[in-house]
1. Restricting attention to segment B:166-204, which residues are of a type outside the set (Gly, Ala, Ser), crowded, with 20+ Cβ neighbours inside 10 Å and touching a Leu at 6+ places or on another chain (Cβ under 8 Å)?
2. For residue B:160, indicate whether it is within 30 Å of residue B:246 (Cα to Cα) and at pLDDT 95 or above.
3. Can you name the residue in segment B:1-34 that is at the interface with chain A (Cβ under 10 Å from one of its Cβ atoms) and not in a helix (DSSP H, G or I) and, of all such residues, is modelled with the lowest pLDDT?
4. Please specify each residue of segment B:267-308 satisfying the condition of being closer than 20 Å to residue B:366 by Cα and free of Cβ contacts under 8 Å to residues at least 40 places away in the same chain.
5. List every residue pair whose Cβ atoms lie under 7 Å apart, where the two residues are 6 or more positions apart in sequence or sit on different chains, the first residue falls within segment B:221-249 and is in contact (Cβ under 8 Å) with a residue 12 or more places away in the chain, and the second residue, located anywhere, is part of a strand (DSSP E or B).
6. Could you list, in sequence order, all residues of segment A:132-182 that are over 30 Å from residue A:71 (Cβ atoms), more than 13 Å from chain B (Cβ to nearest Cβ) and part of a loop (DSSP other than H, G, I, E, B)?
7. Taking residue B:170, is it in a helix (DSSP H, G or I), at pLDDT 95 or above and under 24 Å from residue B:271 (Cα atoms)?
8. For segment A:37-75, give me each residue that is closer than 17 Å to residue A:232 by Cβ and under 15 Å from the mean Cα position of the chain (by Cα).
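The values are calculated or read from the model by the stated rules, or taken from the named source; none is laboratory data. Quick caveat: nothing in here was measured; it's all calculated off a predicted structure. Here the Cβ is made from the backbone with ideal geometry for all residues, glycine too, and neighbour counts use every protein chain on show.
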Amino acid sequence: MPRCVIRHFAKRFGPVVALRDVSFDVRESEVLGLLGPNGAGKTTLLACLPGLQHADRGSIEIHNSTVTNTERRALFFYLPDGITPWSAQPAAWLLDFADGVLGGSSSYGVDTNAWRDGQASPNRAHTRDPSHDALQTDILRVLRIAELGAQPIGALSKGQRKRLLLAMALRTPHPVLLLDEPFDGLDLQLTRDVIALLQRVARAGRSLVLSIHNMQDAERVCDRLVLLDDGRTVAQGSLDELRERAGLPDAALEDVFLALAFSSSTA
Amino acid sequence: MRRHRLLWLFAKELRELIASRATLLLAVCLGPLVGHAFITAVVAYADVSGSGGGAAALSQGISPLDGLLVPTFGAYALVSTLLLPFVAIRLVSAEKESGALGLLLQGPTTLGGMISIKTIALLLLWMLASVPGLIALVLWHSYGGHLQSSEVLVLLGGHLLRGLVVIAIAFAAAAITDSAASAAVVTLGLTLGSWALDFVAQVQGGFAQRLARFTPESSLRLFEQGELSAAVIIVSLTASVALLVLATIWLHPGRSIRTRAMRTAAVLTVGLLLTVLSSQLRTSRDLSEDRRNSFSREDEQALRGIAGPITVTANLAPEDPRLTDLERSVLHKLDRLVEVRLTTTARTGTGLFERPADGYGEVWYVWRDQRRMTRSTTVPIVLETIYDLTGVRAPANRAPDTYAGYPLITTPRSAAALFYVVWPLLMVVLFVGRRRMRLSRAQGS
């Protein structure tokens with residue numbers, strides 16, 4: 001069942017068209033992958049969804065009613081790639097701060113209907129349950145946050161910073177989490193661990209939308225995929241559905257993507 | 001107990017300020033700057049008090065307000081122009097450029113709330129920055145110097161208000177421009193612009209002069225004279241709020257240029273309207289000990305009975321010292337009691353190169369259908385003219401001016417060591433020590 005429907009997003013930067021027409025739906029408790037080559041519009045789209053970038057066109061709907069700009073702030077949380085916020089502050093502080101300011105570390109069981117009625121908000125004190133607490137502990141354990149301690153955020157390596165920011169994002173209460181390149185900078189073992197963690201977070205009730213370059217990672221983590229090319233939605237569905245559509249039943253995602261992108265550009 | 005998110009934000013701003021090198025620079029520089037101003041003022045004060053064996057200056061010359069307070073706190077005018085803007089710009093630009101702002105905007109706190117918290121944190125820093133100035137006052141008191149609490153409070157209030165205006169300008173510049181460097185250029189450009197306006201006002205008079213009354217420099221000058229003016233306070237507050245609102249409009253990356261432009265136009269229109277309206281206010285309080293902004297109490301009581309405006313037409317050039325004298329010693333005081341409309345009719349800026357005309361130097365006072373003229377710019381003669389013009393009876397007796405000043409011949413003992421050595425070292429130890437402590441904790445963990 002769709003948690004929300006993204007309709008006809010478009011965005012230009014002067015003469016450059018970043019998004020032409022992007023539409024897809026985000027379902028509850030799923031990991032959705034946004035795939036596409038450089039310049040396909042993935043990052044722009046992720047920034048437009050929570051309203052951090054102005055979109056020229058496009059709407060978000062829940063149960064056939066349009067979500068306002070203010071409501072988007074409570075629906076989506078977007079973690080951009082390559083940011084270094086508050087570089088002078090200690091790593092451990094960031095999680096406490098984000099919990100305090102973004103309403104983090106709360107239950108993911110935010111019901112979209114309740115949220116629409118104003119009964120659930122990022123700042124609401126949610127009822128804790130043991131599985132939620134176990135998940136919170138796992139987030140910190142898997143991402144090895146205790147190792148980072150009081151080191152200034154600006155002094156962390158790229159991978160360490162990614163772990164810290166992922167932990168922060170995963171503890172926010174927003175129903176839909178938008179992650180730009182979540183595995184960038186992580187080693188192989190950690191990538192596997194984070195994939196398992198993200199799937200667990202999704203099963204706990206959240207929707208995760210990931211922008212990924214690496215097709216193998218996408219294949220392993222995503223329940224469904226949205227293929228973007230030249231600012232357009234080329235195709236969406238599960239890997240099997242995409243294989244069927246491309247007519248390549250046993251092909252890897254990379255081949256499926258290339259086949260669909262090629263057929264879309266020649267159509 | 002769970003801390004409120006606004007308290008988290010406030011604590012974050014304080015942490016960011018403490019971690020900033022710009023704040024460290026401001027804290028370290030304040031000691032020597034205030035110290036130098038204080039030491040120079042104490043020595044000069046002793047000179048005019050007769051330390052050389054000669055007679056002491058007139059009472060106005062040995063007022064602690066002019067002789068000590070204003071020069072000592074003059075260091076803050078310099079700091080608020082050249083250092084405070086950079087501290088403020090960093091607080092906004094660093095979050096904008098590092099991606100931190102994007103994270104915060106996805107929380108429930110509004111941008112207006114965030115900017116308000118930043119403003120409060122910076123104002124707190126600015127108040128803490130007054131510590132060296134307050135130390136100077138304690139030293140002055142220990143030398144046996146006199147201080148009038150109302151004058152001290154008005155001056156501190158003036159610097160606080162100036163700090164708010166500077167912070168608001170810096171926030172708006174940081175929000176509108178792409179980088180901290182561009183914001184610094186815009187802020188300094190606005191400061192230079194206000195100085196240019198002050199200069200043009202001196203030369204041209206007229207509208208520029210009316211406008212220049214509200215520049216940060218001119219506003220502070222009023223506080224330095226011990227005067228609390230409702231118009232200056234409200235105009236400064238209005239300008240600050242308008243600039244802070246502009247900062248919230250431009251800081252959000254998710255708004256279209258059209259929305260930003262429309263909201264900016266609305267804020268500027270409302271701000272301008274409020275500024276024009278509040279600039280008409282004449283309510284003010286003279287809190288100087290020597291009542292330098294007021295006529296004698298008897299004259300004030302009599303002048304308050306005059307209904308309607310008095311139009312003053314001075315045939316003097318804007319830079320003619322007689323006009324300056326007339327404005328400062330007479331018209332400014334009169335305007336606090338009766339509405340005064342001043343126009344100048346000279347054709348050149350200084351009057352030095354103007355063909356001598358018969359009427360040059362004449363000052364005409366018009367009230368209803370009555371007109372009087374005098375060339376004098378001294379208080380007794382102008383007041384006599386106004387009483388004659390309006391038919392108001394001049395007071396028969398005036399209490400004598402009893403302000404005799406507070407001469408003090410002393411030396412700035414311990415000040416050099418305190419301000420040039422102890423203060424900078426203390427600030428470095430506090431800031432660097434804290435950073436090292438955190439680093440060692442990080443290595444330990």
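1. Within segment B:166-204, B:166, B:167, B:169, B:171 meet the criteria.
2. yes
3. Looking at residues that are at the interface with chain A (Cβ under 10 Å from one of its Cβ atoms) and not in a helix (DSSP H, G or I), I get B:2.
4. The answer is B:300, B:304, B:307.
5. As it stands, the answer is B:222/B:229; B:226/B:286; B:227/B:284; B:227/B:286; B:228/B:284; B:228/B:285; B:229/B:284; B:230/B:284, since those pairs meet every condition given.
6. Selection gives A:157 alone.
7. yes
8. Result: A:41, A:42, A:43, A:44, A:45, A:46, A:48, A:49.
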